[in-house]
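The structure under discussion appears below in the form of structure tokens.
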Amino acid sequence: MARLSGETQKKIRDLRDRFPHPRSAVLPALHYAQAETGHLDDETLAEVARLLDLPVNMTTEVVGFYTMFDRTKPGKYKLEVCRNISCALMGAGKVVSHLEGRLGVRCGETTPDGKFTLLEAECLGACGYAPMMMIGPYFYEFLDRGKVDAIVDALAKDRKPPVPPAGYFPKDEVEPRAGKDGAVPTASEEIRDRLAVHGNPNGSGKGDA
């Protein structure tokens, strides 16, 4: 039985036809699937592989490597605190400890209400803005206890955090958007909405007439 909607299936088939080899479409196809289902279980991975005309190991191997994909259902909001050297030196450990106390879970766990999953992440490329964490597609930088509390308090009520993520400035009318089910979109929702599949660019790919 298909897990994915007809619309998502069509998008994945369009991705397959866009590239000379369908395995080039695995990453965006998995984001399409995860944006719809919330996580990638065995049935969904098999369906994506079938739509791409690939063996299922080509989807399961990718999901096993990239931490952006979830095999089990995460909380509505994934709080991923960078733990690499710059963030560690600037207090990432204290941020994690404070979040564990606020949320009542250990790192790697999800709150009983399904609202938050707390994770540590490898370097997220914002070393000059440490400590920082990623929530969905957004970076929250120069964190301190006050900022963390303001973010958590807002998300607990499904409201937009009063702390703007990096690159989003209300004074410039550049605002982060909400997700399908929450105040912040998931990373896969954001990637899905920014992907454009419009045939085969430059006349390349097996879908050419």
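What the table below lists for this structure:
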{"quantity": "Test for Arg18: is it over 25 Å from Gly179 (Cα atoms), in contact with a Pro (Cβ under 9 Å, 6 or more places away or on another chain) and not aliphatic (A, V, I, L, M)", "calculated": "yes"}
{"quantity": "Residue satisfying condition, being under 25 Å from Cys107 (Cα atoms), at pLDDT below 95 and surrounded by 17 or more Cβ atoms within 10 Å (Cβ to Cβ), within set Gly64, Gly38", "calculated": "Gly38"}
{"quantity": "Close pairs (6 angstrom Cβ cut-off, 6 or more residues apart or separate chains): assigned by TED's automatic domain parsing to the domain that holds Asp42 in the stretch 1-29, part of a loop (DSSP other than H, G, I, E, B) and aromatic (Phe, Trp, Tyr) anywhere", "calculated": "Ala25/Phe19"}
{"quantity": "Selection from the stretch 85-110 of residues that are part of a loop (DSSP other than H, G, I, E, B) and surrounded by 15 or more Cβ atoms within 10 Å (Cβ to Cβ)", "calculated": "Met90, Gly91, Val105, Cys107, Glu109"}
{"quantity": "Residue within the stretch 8-17 that is modelled with pLDDT of 95 or more and under 17 Å from the mean Cα position of the chain (by Cα) present", "calculated": "no"}
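The values are calculated or read from the model by the stated rules, or taken from the named source; none is laboratory data. Since the model is a prediction, treat every value here as computed from it, not as a measurement. Because the Cβ atoms are built from the backbone with ideal geometry, glycine has one as well, and the counts that use them run over all protein chains shown.
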